[in-house]
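To keep things clear, I will list the structure first and then write my remarks on it.
The values are calculated or read from the model by the stated rules, or taken from the named source; none is laboratory data. Worth saying up front: this structure is predicted, and the values here are computed from it rather than measured. When we count neighbours, we look across all protein chains shown, and the Cβ atoms used for this are built from the backbone with ideal geometry, even at glycine.
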Amino acid sequence: MESEIIVREYRTKDAKDILSNEYPWEASFGTIYKDLELKFISFLEGRPRKRFVAYSLKENVAVGTLQLDRITRNLWHSGGWFVSPSYRRRGIGSLLIEAVHDYLRIIAVKKVVANIELNNFPSIRTAVKAGWRFFSQAYYQCDAGIKEELHEAIFEGDNGITLTNFHKSSLDILYRIYKSCLIKEWRNFLEIDKDNFLERFFGYTRARGLLKLWVKNKVMVIKERGDIIGYVQYTLPLRKPMQKTVYLYLLPTSNAINILGKILNLLKMEGYEEASLVLTNKNRIFMEETADILQNSFHFKKAKFLVCYYLLK
């Protein structure tokens, strides 16, 4: 590894270097306004956030980056792992991960978790080299525009599938469904239980702190012939974006295409033009089949992700 590479905290001027080198999450930072917006949201949520960059002293350019977000006192999430293509295979990813470990040890954090796309081989190699471990369960993120032609005729004979608003009397049933979808190792490491499962996936899926005054959590219960077989959850912000991330938890069923169609119709009626469906299941065959339905029947682009974790000493 070249000694002229250092890791330091991100500065707004670094964004030009990172964005010009194929950084894939452009919307998350890049201007003073966006940086201030992120800081303000972080303040409202009471959720500390740190971004680091790998910087070349020789060429005066930022060549890599990653971000840290607090989930709980002892658990943080690391995301946005990126090294500029022309600087890869030089150990820069490992330097960034080492900086994460050092920072978390200083503030006495015990655990950190990250999510990596299955075909992101450089990040997977970096995580393995740094001693991170992977959960045996993966998840899919499926993205697409919601087509205008989604209408009832597509879903004739829906076999009694309905979506209803959540009521607290269904909490125990939903928690059982949640546990049937996610392995115990995942739930335990990420400190997910009955009190917070409607807010958690690997990080927080809804607003916290003062931001709760503007952002509401919506949970829709999925019923098949009157029996609860799953649910979806997403947020309702004050300023509605055109794209919506929805988390789906579903027991194995032969009616998945009807359920997915109703979910997309619901989002369309609420004014969303694009959707990102996140789904996982202990039943891998059912998870794969559901992702295939989204791809083949609704023209979603599917991506499979692994969740990795590290226990700091």
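In this structure, is Ile285 touching a helix residue (DSSP H, G or I) at 6+ places or on another chain (Cβ under 7 Å), modelled with pLDDT of 95 or more and surrounded by fewer than 20 Cβ atoms within 10 Å (Cβ to Cβ)?
So Ile285 does not fit the description; no.
Return only the number of the condition from (1) over 20 Å from Ile192 (Cα atoms); (2) touching a Phe, Trp or Tyr at 6+ places or on another chain (Cβ under 7 Å); (3) basic (Lys, Arg) that Arg70 does not satisfy.
(1)
Can you tell me which residue is surrounded by the fewest Cβ atoms within 10 Å (Cβ to Cβ) among those in the range 42-68 that are assigned to a helix (DSSP H, G or I) and of a type in the set (A, V, I, L, M, F, W, C)?
Restricting to residues being assigned to a helix (DSSP H, G or I) and of a type in the set (A, V, I, L, M, F, W, C), the top hit is Phe43.
Please state which of the following conditions Gln295 fails to meet, knowing it meets all the rest: (1) among the polar types (S, T, N, Q); (2) touching a helix residue (DSSP H, G or I) at 6+ places or on another chain (Cβ under 8 Å); (3) part of a helix (DSSP H, G or I).
Of the numbered conditions (1) among the polar types (S, T, N, Q); (2) touching a helix residue (DSSP H, G or I) at 6+ places or on another chain (Cβ under 8 Å); (3) part of a helix (DSSP H, G or I), the odd one out for Gln295 is (2).
When Ile285 is evaluated against the numbered criteria (1) more than 21 Å from Asp227 (Cβ to Cβ); (2) of a type in the set (A, V, I, L, M, F, W, C); (3) in contact (Cβ under 8 Å) with a residue 60 or more places away in the chain; (4) assigned to a helix (DSSP H, G or I), which criterion, by number, is the only one it fails?
(3)
Restricting to the range 17-41, what's the tally of residues that are in contact with a Pro (Cβ under 7 Å, 6 or more places away or on another chain) and assigned to a helix (DSSP H, G or I)?
0
For the range 112-134, indicate whether the set of residues that are surrounded by fewer than 12 Cβ atoms within 10 Å (Cβ to Cβ) and not in a loop (DSSP other than H, G, I, E, B) is non-empty.
Scanning the range 112-134 turns up at least one residue that is surrounded by fewer than 12 Cβ atoms within 10 Å (Cβ to Cβ) and not in a loop (DSSP other than H, G, I, E, B).
Within the range 255-275, identify whether any single residue is at pLDDT 95 or above, buried (at least 19 other Cβ atoms within 10 Å of the Cβ) and part of a strand (DSSP E or B), and answer yes or no.
No, that holds for no residue.
Please go through the range 74-116 and give me each residue that is touching a residue at least 40 places away in the same chain (Cβ under 8 Å), aromatic (Phe, Trp, Tyr) and within 20 Å of Leu312 (Cα to Cα), ordered by number.
Once the filter is applied, which keeps residues that are touching a residue at least 40 places away in the same chain (Cβ under 8 Å), aromatic (Phe, Trp, Tyr) and within 20 Å of Leu312 (Cα to Cα), the range 74-116 yields Trp81, Tyr103.
Would you check if Thr126 is among the β-branched types (Val, Ile, Thr) and within 28 Å of Arg225 (Cα to Cα)?
Spelling it out, it is not the case that Thr126 is among the β-branched types (Val, Ile, Thr) and within 28 Å of Arg225 (Cα to Cα).
Which of the residues belonging to the range 3-16 are basic (Lys, Arg) and part of a loop (DSSP other than H, G, I, E, B)?
Of everything in the range 3-16, those that are basic (Lys, Arg) and part of a loop (DSSP other than H, G, I, E, B) turn out to be Arg11, Lys13.
Taking Tyr247 and the conditions (1) in the same structural domain as Ser170 (by TED's automatic domain parsing); (2) over 24 Å from Tyr178 (Cα atoms), which numbered condition does it fall short on, given that it satisfies the others?
(2)
Counting just the residues of the range 268-282 that are among the small types (Gly, Ala, Ser) and on the phi < 0 side of the Ramachandran plot, which one comes out nearest to the chain's Cα centre (by Cα)?
Filtering the range 268-282 for residues that are among the small types (Gly, Ala, Ser) and on the phi < 0 side of the Ramachandran plot, the one nearest to the chain's Cα centre (by Cα) comes out as Ser276.
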